[in-house]
Structure formats: structure tokens, C-alpha cells
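A short write-up of the structure that comes next.
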Amino acid sequence: MDYVFVTLGNILKYRYSIIFKGGVVLIGIVFVAWSDTSFKLVEMEAKQNDLEFSVKMSTGASEVGTLNCKELVPTKEAVDCNSAQYYKEVLKPSIKLFNLVVDICLFLGLNMILLSIFGLIFKHSKVNLSGVLRCMLIILCLNAVFLLQIYY
């Protein structure tokens, strides 16, 4: 088992700059996703909420998902009802998937930067790598558990 930790330590020692660059790229992807895509998703969600509210007000229903849109006379309310149900079915899983991908990129990017910092420290010090790598492995596992708790 020490062989694995020594090998990982050597990878961190000599490849820390590549790991750092990968972490910066992933953090950049997160910033682009937050700045560009999230506004479009919020705009779509606002449209879905407006449609849902207008259908609730015109029909008196408490929930649009339980409303049978085919029973409505073919009017604007029927069109709005179908649109609201479609947006509700499509938008919520899309937002969950978007948040999952962004959180995974953020998690991986931050941990790669953390690992590259450890690699830089290992390169310029005479520390026993196996003990420190075990501590790093515990930290990474705790980060993964934290990420899983967000979604489950």
C-alpha cells in the first residue's frame, strides 16, 4: 500500500503544474456556466412560473400538474396549461442536471488545485510522503461525502 502512496506522491511532485492547469480550466468552466447558462435557465423558469400562475388563476386549480388540459376549451388557457406542464416536466430535471455538472466541475477543480499545492510543497520539502498522502486521501473522501450529501 505504501507503494501506491509513494507513486501518487511522485506524480504530484513532478506533475503538479499540469494538475493545477486542469483545476483552473474546470473552475473556468464553472464560471462560464454560472455567467452564461444559469441566466437562460432562470429566464426559462420565470416563464414557466408565469404560465403556471396564469393557468392557476384562470382555472382555479391548486396544481397545474394535476390539471387535465384536454378538458379545457381550446383557448389561451388550454395552450398555457399545456405549455406550463411541458416546462415543468422538462425544466426541473434540466436544472438539476446543470447544477450537478457544475458542482462536480467545481469539486474536481478545487481539489485539483489543492492537490497541485500539495505537489508543490512535496517538491520543495523532505517530508515523508506516505503519511501526508493518507491525510490528503481522507480530505478528498470527506469532500466527496459532502458533495454526495448535497444531492441525496
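The values are calculated or read from the model by the stated rules, or taken from the named source; none is laboratory data. As the structure is a computational prediction, the values presented were derived from the model and not from experiment. Virtual Cβ from ideal backbone geometry, glycine too; neighbours counted across all protein chains shown.
Return yes or no: is K96 among the basic types (K, R) and modelled with pLDDT of 80 or more?
Numbers: among the basic types (K, R): yes; modelled with pLDDT of 80 or more: yes.
In short, yes.
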A careful count of residues in the stretch 131-145 that are modelled with pLDDT under 70 and surrounded by 15 or more Cβ atoms within 10 Å (Cβ to Cβ) gives 2
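Looking at the stretch 82-101, which of its residues are in contact (Cβ under 8 Å) with a residue 24 or more places away in the chain and not small (G, A, S)? Before the answer, list the steps.
Let us first name the residues in the stretch 82-101 that are in contact (Cβ under 8 Å) with a residue 24 or more places away in the chain, namely 83-84, 87-88, 91, 94-95, 98, 100-101.
Passing the criteria: Y87, K88, L91, I95, F98, L100, V101.
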Matching option when the condition is surrounded by 15 or more Cβ atoms within 10 Å (Cβ to Cβ), part of a helix (DSSP H, G or I), among the acidic types (D, E) and at pLDDT 70 or above, among E52, E43:
E52
Condition met for G28 (within 30 Å of M112 (Cα to Cα) and surrounded by fewer than 17 Cβ atoms within 10 Å (Cβ to Cβ)):
yes
